[in-house]
Amino acid sequence: MKYTGKKFIKKDSLPFFWCAGCGNGIILACLVRAMEENNFTQENTVIVTGIGCWGKADDYLNTHTFHGTHGRALAIATGIKLAKPSLEVIVLVGDGDGATIGGNHLIHAARRNMDITVIMSNNLNYGMTGGQYSGTTPYGSITSTSRYGHGEDEFNISELVKAAGAAYVAKETIANPLRLQKFISRALKKENGFRFVEAMSICPTHYGKENRLGKAAEMIEGLKKNSLKIDLIKDRRIDELTAKIIVGEYIDREVDGYIKRYREIQKKAQNKK
Amino acid sequence: MKTPKVLIDYKLCKRCGICSHFCPKQVFVCDELNGAQVDKEEDCIACEKCVIMCPEMAIEIITQKEE
């Protein structure tokens, strides 16, 4: 393989704290390979995480890291980027952290087009605290807080972030790690605006066990079977698309980015004196 | 090309069985007690599917060039 990304991994901290078969390890491997591909260094990168299983990822990376509070990783990342815009800020949030508790931060960071990259690991429940339902749990699924099936509909986070105005939005499952790496790499390559990559992951310990989806390998096969490329959905009926994971690049547009606009405002304010 | 060498770090392996499920050539045998074992190394085509899919980054494939 051309890129291994092993230079970003803290070898002493291995093995990962995640359960056997957890998809987070695959996403982390994709992220470090994409970072190596884009010539990121330990000195110019800051990884900001929240709380949760995916939030533990910063323990295994030897870049600058900041382990924030639950749901507020994006607020912290905004502060870091504004304080030192030369740094590359990557935010790792889970679905519970980023879309449920920190959902407001997510849409406003996307609206503001803060120049940061967000990698969301979506495993459809709160894995660390015992498999409670989150904002992305599909209707009818059994979790530890919905014993007779979940009564609410889920968020389509990628569409939400796209509608909020982000510069780049992509979604891929862990069944296709090379495409996931490609999307992360494209997100890191973009210079301006809010970049968001949603990685559909698995939780064999809670969500998979409660809903009888089988072991890790079977769950990954399930993701592969359920996913549908975004270019192919135009001529499909809406009822065909329910319970499908629509993967691909949702949007890729050129925007100014918040840092550039903030500098313009600073200049205007200085000239006024 | 000589047969590639498949190395598994057993300090990292958690016996999830993903590598043996996704290997196109059935190089691995996997059971929950011993984890993945390299069985038919001579069949390996060094596609590195297992390296990419392993959630623990525990597998490494070394391809030796023939002299």
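Structure notes:
- Segment A:23-53, subset among the small types (Gly, Ala, Ser) and open to solvent by less than 10 Å² (accessible area, probe 1.4 Å), residue nearest to residue B:55 (Cα to Cα): A:25
- Of the residues A:6, A:10, A:56, A:81, the single one that is more than 14 Å from every other protein chain (Cβ to nearest Cβ), touching a residue at least 24 places away in the same chain (Cβ under 8 Å) and of a type in the set (Lys, Arg) is A:81.
- Residue tally, condition of a type outside the set (Val, Ile, Thr) and free of Cβ contacts under 8 Å to residues at least 40 places away in the same chain, over segment A:22-53: 6
- Within segment A:168-177, the set of residues being in contact (Cβ under 8 Å) with a residue 60 or more places away in the chain and either of a type in the set (Val, Ile, Thr) or out of contact with any strand residue (DSSP E or B) (no Cβ under 6 Å at 6 or more places or on another chain) (or both) comprises A:169, A:173, A:174, A:176, A:177.
- Only residues that are surrounded by fewer than 20 Cβ atoms within 10 Å (Cβ to Cβ) and more than 12 Å from every other protein chain (Cβ to nearest Cβ) were counted in segment B:5-20, giving 3.
- When segment A:1-30 is filtered for residues that are within 21 Å of residue B:18 (Cα to Cα), in contact with a helix residue (DSSP H, G or I) (Cβ under 6 Å, 6 or more places away or on another chain) and in a helix (DSSP H, G or I), the ones remaining, listed by number, are A:24, A:26, A:28, A:30.
- Residues of segment B:32-67 satisfying the condition of being open to solvent by 20 Å² or more (accessible area, probe 1.4 Å), within 14 Å of another protein chain (Cβ to nearest Cβ) and of a type outside the set (Val, Ile, Thr): B:32, B:33, B:34, B:46, B:47, B:48, B:49, B:57, B:60
- Residues (under 28 Å from residue A:138 (Cβ atoms), open to solvent by less than 20 Å² (accessible area, probe 1.4 Å) and at pLDDT 90 or above) located in segment A:69-89: A:73, A:74
- Hits in segment A:237-269 - residues which are at positive phi and in contact with a strand residue (DSSP E or B) (Cβ under 9 Å, 6 or more places away or on another chain): A:248
The values are calculated or read from the model by the stated rules, or taken from the named source; none is laboratory data. Please read all numbers here as calculations on a predicted model, not as lab measurements. Cβ coordinates were reconstructed from backbone atoms using ideal geometry, including for glycine residues, and neighbour counts include every protein chain displayed. All accessible areas refer to the heavy atoms of the entire protein, side chains included, with ligands and DNA or RNA removed. Shrake-Rupley method; radii C 1.70, N 1.55, O 1.52, S 1.80 Å.
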